[in-house]
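This report concerns only the one structure given below.
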Amino acid sequence: MPLGEVFLAAFLQLLLDRLTPRDILNYFGNFRGVGKKLEKWRATLSTIAAVLSDADERQRTDDAVKLWLNNLRDLAYDVEDMLDKFATQMLKRTIEGRDQASTSNKVRNSLFKIKLNWDMNSEMKKITERLQDISDRKVKFGLKDTGTSAKESRSLPSSCVLDEKLVVGRDGDKGKIIELLKKSTNFGVVAIVGMPGVGKTTLAQLVFNNKDDAMKEFELKVWVSVSDDFDVVRVTKAILESMKPLPVQVEEFSKMQHDLSEQLRGKKFLIVLDDVWNKGDRDLNDLWLRLKSPFGVGAGGSKIIVTTRDLNVAKIMGATGFHNLECMANDDCLEIFERHAFGEVNSGKPVNYELIRTKIVEKCCGLPLAARTLGGLLRCKETDEWGEILDNKLWNLADNCNLPRVLELSYHYLPSHLKRCFAYCSILPNDYEFGQKQLVLLWMAEGLIQQKPDNNKQMEDLGRDYFRELLARSLFQESSKNNSRYVMHDLVSELTRWAAGEICFRLEDKQGDNLQSTCFRGARHSSFIAGEFDGVKRFEDFPKAERLRTFLPLSLSYSTGWLKFLSRQVTFKLLPQLQYLRVLSFNDYKITALPESIGDLRH
């Protein structure tokens, strides 16, 4: 997975700022040349940081350089872990020394310093060897200081967040879907099929929210995001909860399906199953048969709308009506771009705009997602930079990435302070609805929000600025169900995983993998969606990710009793083994007790 040059550059700069030996020397003295070693680290890291731009270009075609960047990233994390470890130990000992100033305690403090000195020297020796190896390979690869890096973007005020519900050029498609819904008085499935980013979800929303007489005939209307996690229990519960004012407390699936049948009985309903993936023909067929069991009791004309990338999904689900959603016309794509690039007032166009309009349309490839993203990217740039961005050689680069090139460019041109925050979002499941405050608190806990000396803003306010800028760039978007919650398009979620590489992972994506692999051991951030039966067993592999910084369990649909059991297993057996944790959230879990060993967690 490619690693952005600015991503690593920003990380290395943080390390360089922390490698000032003054505080450490005040505590240790110059034991075994600690100060000289730290100064040498600073010098070596500075020369490495200078060639990152060249390495970022080379790694796209040179696997050895890509591996070099991966090794550098792992080393940077380990250096930060070491600095944090000793800073914590020094702080703890300083506080204990203040509280107890007796002669015996002074002796113990001196012995502690000697032990800490030896421990620190041992770790520094290992890191010095790795750093020297990385430096030697830099010379071997002939990496050069090009003196260039991605330019910082101008800041966006909150007023730049555009209305994502403005839709262009889909009235004809909307009419065809409504006709398919009216076509038969029998229960049936209507499928919207199209490539990623073409606007399937947007079209389904247009139909779902339509106010004409045909849509008013549906007594019940339900929207559920399915995505790659087609969990029958979760989807059934989501449908049932949309019809009741209170959360569903039922634990047995059969009882849940019975209750759903009673809610649907004799009523004409419309259920949208958004973004259904093919997990394998047999698996999907079994899942669909279980899910649809309660649907047959509805009134005549009840319908399911399914949106999918895969025509085979629509066939397996027995669709009686198909609509293949084509790419947008060039004029419609341009209109979407302009709304996001210039705002509703349509001002601020570059002087050569008429000359570059054709190039902009070509870059959008008829995809509304690409048009929104490119508009958000260029809106954040000075107009005299537009030509340079549109001519960037990344547009023409051939690789194995399945993302629209505009998304990769959008990440490439993110300001350095946003790159790590955005990549961190890769631990969120597809279609997961998140809150602004929730994400800002996670960024803060991870130290991803950079407070400059001349900036008096509180960390929370800076985090909100970060969030709003990602929203303005169309990398985040408002949830269609709750305008105080946000989601990422599936392709944007793929972009976060592309950007994060092996640093972040979601445990459900690792099923069937060898979790003892280097990939897993190098991971720093993780989320986990509890399965109905497999949760505890899956946790057995977590200690192999021994440097894990984030542990984010997410509960979507399972019973309180199961969560209580699961949380106890995790709290008492797993957490004491993860010594580098910085972020631990049991927001959805019912924690009633903590083990004494929780005090061993440093951060």
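Any read-out appearing in this document is the output of simple, stated calculations on the displayed coordinates, not a laboratory observation. Computed from a predicted structure; not experimentally measured. No Cβ is skipped: glycine too gets one built from the backbone with ideal geometry, and neighbour counts run over all protein chains shown.
Would you mind putting 298-305, 81-88 in packing order, based on average other-beta-carbon counts within 10 Å, highest first?
Descending packing order for the listed peptides: 298-305, 81-88.
For a quick check: sort 427, 389 by the number of other beta carbons within 10 angstrom, fewest at the front.
Listing 427, 389 from fewest to most nearby Cβ atoms yields 389, 427.
About the Cα centre, and with charges only on the beta carbon of Lys, Arg (+1) and Asp, Glu (-1), how big is the dipole of segment 171-324? Nearest 20 debye, please.
Dipole of segment 171-324, to the nearest 20 debye: 380 debye.
What ranking do 228-239, 408-419, 169-180, 123-134 get when scored by the average of other Cβ atoms within 10 Å per residue, highest first?
408-419, 228-239, 169-180, 123-134
Starting from the Cα of residue 44, step 7 Å along the direction of its Cβ; do the same at residue 87; then give the gap between the two resulting points in nm.
Result for the modelled spin labels: 2.1 nm.
Around residue 487, what is the net charge, scoring Lys/Arg as +1 and Asp/Glu as -1 over all other residues with Cβ under 10 Å from its Cβ?
Here the charged neighbours net out to -2.
Can you pull the one-decimal nm distance between simple spin-label points at residue 228 and residue 292, each 7 Å off the Cα toward Cβ?
Modelled inter-label distance: 2.6 nm.
Tell me the label-point distance for the pair residue 213, residue 458, using the 7 Å Cα-to-Cβ offset, in nm and rounded to one decimal.
About 5.5 nm, to one decimal.
Using only the Cα atoms of segment 171-324, what semi-axes does the equivalent ellipsoid have when each is the square root of 5 times a gyration tensor eigenvalue? Give whole Å, largest first.
23, 19, 14
Per 0.36 nm of contour for each residue apart, how much would the distance between residue 195 and residue 126 grow if the chain were fully extended, relative to their Cα-Cα spacing?
Between residue 195 and residue 126, full extension yields 20.0 nm more.
Ordered by residue, what ³J(HN,Hα) values in Hz, to whole numbers, does segment 41-57 give under the Karplus form 6.51 cos²θ - 1.76 cosθ + 1.60, where θ = phi - 60° and Gly and Pro are x?
4, 4, 5, 5, 5, 5, 5, 5, 4, 5, 9, 5, 4, 5, 5, 4, 5
Stretch residue 326-residue 183 to full length: gain in nm at 0.36 nm per residue minus the Cα-Cα span?
49.3 nm
I need 265, 309, 282 ordered by Cβ neighbour count within 10 Å, fewest first.
Ascending Cβ contact count within 10 Å gives the list 282, 265, 309.
Considering amide H positions built from the backbone, and no H for Pro or chain starts, which residues 5 or more places from residue 552, or on another chain, come under 5 Å of its amide H?
Sorted by chain and number, the residues that satisfy this are 526, 527, 528.
Rounded to the nearest 0.05, what FRET efficiency do residue 62 and residue 277 have when you use their Cβ-Cβ distance and R0 = 25 Å?
For R0 = 25 Å, the calculated efficiency reads 0.15.
Which FRET efficiency value, to the nearest 0.05, do you get for residue 255 and residue 139 by plugging their Cβ-Cβ distance into 1/(1 + (r/R0)^6) with R0 = 56 Å?
The pair residue 255/residue 139 has a calculated efficiency of 0.25.
Name the long-range amide H neighbours of residue 222: under 5 Å, sequence gap of 5 or more, or other chain; modelled H, no Pro or chain starts.
Those qualifying (amide H under 5 Å, at least 5 residues apart or on another chain) are 270, 271, 272.
How much length would be gained if the chain were fully extended between residue 396 and residue 579, taking 0.36 nm per residue of separation minus their Cα-Cα distance, in nm to one decimal?
Contour length minus Cα-Cα distance gives 61.5 nm.
Within the set 359/481; 437/481; 349/419; 138/381; 182/292, which residue pairs have Cα atoms separated by over 25 Å?
Checking Cα-Cα distances, 359/481; 349/419; 138/381 exceed 25 Å.
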